[in-house]
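As structure tokens, the structure follows; a few thoughts come after it.
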Amino acid sequence: MSAYDYLIVGSGLFGAVFAHEAAARGKKCLVLEKREHTGGNVYCEEIEGILVHRYGAHIFHTGSRKIWEYVNRFCEMNRFTNMPVANFKGEIYNMPFNMNTFSKLWGVVTPEEAKAKIEEQRGAARGEPRNLEEQAIRLVGEDIYRKLIKGYTEKQWGKPCSELPAFIIKRLPVRYTYDNNYFNDPYQGIPIGGYNVLIDRLLEGIPVRCGVDYLEERQKYRAMADRVVYTGQLDAYFDYAYGPLEYRSLRFETECLDTDNYQGVAVMNYTDRETPYTRIIEHKHFDFGTQEKTVITREYPVKWEKGMEAYYPVNDAANQGVYERYRALAEQETGVLFGGRLAAYKYYDMDKVIEVALEAVSKELEGE
Ligand code: FAD
Ligand code: UDP
């Protein structure tokens, strides 16, 4: 008999939700985490009394009442609404693309005028877009593409927009109302006290070992549990047998400044090509902080190499093909369940990752 029913590799949202739900159904779980802390990418650390999102801005938003209520069982959410602004060479525009953006750009006032302007800006672009550049121009026209999309996207992905898949920007809303809310979802907020409150409550009473890389001590840990839930990189699990999948990584440069308000907004996107970072986060604005100082983080996209944190999967056709080969290997692997954004090689938002973790537990423990 093994010491544990489940060995859960990774303490991000997928691992923490899975562990919580399995433990609630009487299963004995052990969580392994290779970082020195739990929480994966939603982890927050406190600097000068300010909660700092160590791995980039995380705003919880969902269209699912069920997931919203689930999260609210573990933490209270504040009223933060993401309204980032774009800075193009010192010109400030509201995001996502909405009447405020159109008005500032072209002096238009009514939705009808904005639509006419975008129609004109689309030029001859028609038909099914073949890449991100075509998609963007069809959606919002040349001016917005040039000022607010091209530079940001090429920095973010390290490739020309004409070589990127169109779906990357499909998640950005285009609105003909004066509404700066970045998300369309009815539920939005940030846990009061930070995401660690959520993670700590999920993992309450469950043993966790930090600073342990499962792949380096596979034999030892595999023998300790009946089943494994693996939330790390799928290509790494199979020792990169088909070569590494492509990811984008990020470098975060965090600074504490002697001012109480540096940029007046939580997220400012730098949409020109020359500024080497994509955005500056001013963390105190996520929870309406009134501290004397402020903490900001510049986010620099970088090419991913083995050993770095893999933040964004590059889901183009070539990588998807390689991923499918890994997935076939994963299906042959007995006693191991693969889940979360790294094992699924998918860009999941937090609500989606919670939803798939809940589904995975139900499927796993159905009828028990
Ligand atoms: P992770 O959080 O990555 O957790 C996986 C864990 O497994 C990590 O802690 C890792 O260290 C550990 N691990 C990996 N391999 C091993 C191993 N071999 N041994 C032991 N441990 C291992 N979503 C939103 O909804 N809103 C946002 O505003 C938002 N902003 C984001 C901004 C950025 C910059 C990024 C990168 C993502 C953002 N997301 C956002 C997405 C969000 O971060 C994810 O949905 C969520 O964190 C995924 O949880 P996970 O458990 O799948 O993965
Ligand atoms: N994007 C852009 N300009 C911006 C913000 C986003 O062109 O000011 C594009 C960019 O290609 C990005 C995509 O829209 O990768 C999705 O943006 P989102 O803010 O959803 O990305 P995330 O916050 O997840 O990095």
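The values are calculated or read from the model by the stated rules, or taken from the named source; none is laboratory data. These numbers were taken from a predicted model, which means no experiment stands behind them. Cβ coordinates were reconstructed from backbone atoms using ideal geometry, including for glycine residues, and neighbour counts include every protein chain displayed. Ligands, DNA and RNA are excluded from the accessible area calculation, which covers all protein heavy atoms including side chains. Shrake-Rupley method; radii C 1.70, N 1.55, O 1.52, S 1.80 Å.
Defining a contact as two alpha carbons under 8 Å apart and six or more residues distant in sequence, what relative contact order in percent does segment 120-174 show?
On the way: 57 pairs, mean separation 23.5, N = 55.
Reported as a whole number, the value is 43 percent.
With r as the distance between the Cβ atoms of ARG130 and LYS306 and R0 = 35 Å, compute the FRET efficiency 1/(1 + (r/R0)^6) and round to 0.05. All intermediate terms of the calculation are to be shown ahead of the outcome.
Numbers: r = 32 Å, r/R0 = 0.91.
The computed FRET efficiency comes out at 0.65.
Of the listed peptides 316-327, 270-281, what is their order by residue-averaged count of other C-beta atoms within 10 Å, with the highest listed first? Before the final figure, lay out each step's value.
On the way: 316-327: 14.7, 270-281: 18.2.
Order by mean packing, descending: 270-281, 316-327.
Show MET224, MET83 ordered by accessible area, largest first, where the area counts protein heavy atoms only and the probe is 1.4 Å. Kindly include the intermediate steps, with their values, before the conclusion.
On the way: MET224 40, MET83 95 Å².
Ranking MET224, MET83 by accessible area, largest first, yields MET83, MET224.
Test of the criteria: in segment 128-201, which chymotrypsin sites (Phe, Trp or Tyr not before Pro) are in a DSSP loop and have at most 14 other Cβ atoms within 10 angstrom of their Cβ? Could you put the intermediate results ahead of the total?
On the way: sites: TYR145, TYR152, TRP157, PHE167, TYR176, TYR178, TYR182, PHE183, TYR187, TYR195; in loops: TYR176, TYR178, TYR182, PHE183.
Filter output for segment 128-201: TYR178.
Can you pull the percent of Cα pairs in the chain with separation above 37 Å?
Details: 16319 of 67528 pairs.
Summing the P(r) of the chain above 37 Å gives 24 percent of all pairs.
In segment 319-338, whose amide N lies under 17 Å from the spot 7 Å out along Cα-to-Cβ of ASP239? List them in ranges.
Within reach of a label on ASP239, which here means backbone N under 17 Å from a point 7 Å along Cα→Cβ, segment 319-338 contributes 326, 329-330, 333-334.
Given R₀ = 41 Å, FRET efficiency for ASN78-GLU216 by Cβ-Cβ distance, to 0.05? If you can, show how the numbers build up before the last one.
Values: r = 39 Å, r/R0 = 0.95.
E between ASN78 and GLU216, to the nearest 0.05, is 0.60.
Taking every DSSP beta bridge that has both residues in the chain, what percent is antiparallel when rounded to the nearest 5?
Working: 31 of 50 bridges.
So the antiparallel bridges amount to about 60 percent of the total.
Please work out how much accessible surface HIS53 shows to a 1.4 Å probe, ignoring ligands, DNA and RNA, in Å² rounded to 10.
We get 10 Å² for HIS53.
For segment 218-261, what class follows from the C-alpha gyration tensor (a ≥ b ≥ c being the square roots of its eigenvalues): rounded when a/c is under 1.5, otherwise prolate if a/b is larger than b/c, else oblate?
Working: a/c = 4.64, a/b = 1.98, b/c = 2.35.
Cα axes put segment 218-261 in the oblate bin.
Which pairs break 22 Å Cα to Cα here: LYS89/LYS115; LYS306/LYS346; LYS66/LYS170; LYS117/LYS147; LYS27/LYS352?
Violating the 22 Å Cα-Cα cut-off are LYS89/LYS115; LYS66/LYS170; LYS27/LYS352.
Taking loop as defined by DSSP and a crowding limit of 15 other beta carbons within 10 Å, which GluC sites (Glu not before Pro) in segment 176-260 fit? Don't jump to the answer; show the numbers that get you there.
Details: sites: GLU204, GLU216, GLU217, GLU246, GLU253, GLU255; in loops: GLU204, GLU246.
Sites meeting the loop and neighbour criteria: GLU204.
Counting heavy atoms of the protein chains only and a 1.4 Å probe, report the per residue accessible area for the chain as a whole number of Å².
On the way: 16950 Å² over 368 residues.
Here the residues of the chain average 46 Å² of exposed surface.
Within segment 113-156, whose backbone N sits under 12 Å from a point 7 Å along Cα→Cβ of ARG273?
Hits in segment 113-156 for ARG273 at 12 Å: 146-147, 150-155.
If you count only protein heavy atoms and use a 1.4 Å probe, how large is the accessible surface of VAL356, to the nearest 10 Å²?
Answer for VAL356: close to 30 Å² accessible.
Given a cut-off of under 8 Å on Cα pairs at least six residues apart, what relative contact order in percent is computed for segment 1-117?
Values: 106 pairs, mean separation 15.4, N = 117.
So the answer I get is 13 percent.
Once each part is reduced to its C-alpha centroid, what is the distance from segment 75-98 to segment 137-175 in angstrom?
About 17 Å separates the Cα centre of segment 75-98 from the one of segment 137-175.
Quickly work out the GLU142-to-ILE192 label distance, labels modelled 7 Å from Cα along the C-beta direction, and quote it in nm with one decimal.
5.2
Between GLU113 and GLN263, with labels modelled 7 Å along Cα→Cβ, what's the label distance in nm to one decimal, could you check?
Distance between the two pseudo-spin positions: 3.0 nm.
Order LEU203, LEU105 by their accessible area, 1.4 angstrom probe, all chains in place, largest first.
Working: LEU203 15, LEU105 35 Å².
So, going from the largest accessible area down, we get LEU105, LEU203.
Which order do you get for TYR70, TYR242, TYR43 if you rank them by accessible area with a 1.4 Å probe, largest at the top? Don't jump to the answer; show the numbers that get you there.
Working: TYR70 20, TYR242 80, TYR43 40 Å².
Ranked from most to least accessible, the order is TYR242, TYR43, TYR70.
Relative contact order of the chain, please, whole-number percent, based on alpha carbon pairs below 8 angstrom and at least 6 residues apart. Each step should come with its number before you reach the end.
Details: 702 pairs, mean separation 97.1, N = 368.
It rounds to 26 percent for the chain.
By average Cβ neighbour count within 10 Å, what is the ranking of 340-346, 123-129, 90-96 from highest down? Don't skip to the answer; put the middle values down first.
Details: 340-346: 23.0, 123-129: 10.7, 90-96: 16.4.
Highest-to-lowest ranking by the protection proxy: 340-346, 90-96, 123-129.
Take the alpha-carbon centre of segment 297-368, take the same for segment 1-15, and report the distance between them in whole Å.
So the two Cα centres are separated by 16 Å.
Using a 1.4 angstrom probe on heavy atoms only, work out the carbon and sulfur share of the accessible area of the chain in %.
Details: 7980 of 16950 Å².
Roughly 47 percent of what the probe reaches on the chain is carbon or sulfur.
Using only DSSP helix segments of four residues or longer, with each worth -39500 (n - 2.57), what per-residue ellipticity at 222 nm results for the chain after dividing by its residue count and rounding to 500? Present the calculation step by step, with values, prior to reporting the outcome.
Working: 12 runs with 115 residues, N = 368.
Taken over the chain, the calculation gives -9000 deg cm²/dmol.
Would you kindly state how much longer the chain becomes between THR254 and THR177 on full extension, computed as 0.36 nm times their sequence separation minus their alpha carbon distance, in nm to one decimal?
On the way: separation 77, 0.36 × 77 = 27.72 nm, distance 3.49 nm.
Stretched out fully, the THR254 to THR177 stretch lengthens by 24.2 nm.
What trypsin sites (Lys or Arg not before Pro) does segment 17-76 have in DSSP loop regions with at most 13 other beta carbons within 10 Å?
Values: sites: ARG25, LYS27, LYS28, LYS34, ARG35, ARG54, ARG65, LYS66, ARG73; in loops: ARG25, LYS27, LYS28, LYS34, ARG35, ARG54, ARG73.
Here the sparse-neighbourhood loop sites are ARG25, ARG73.
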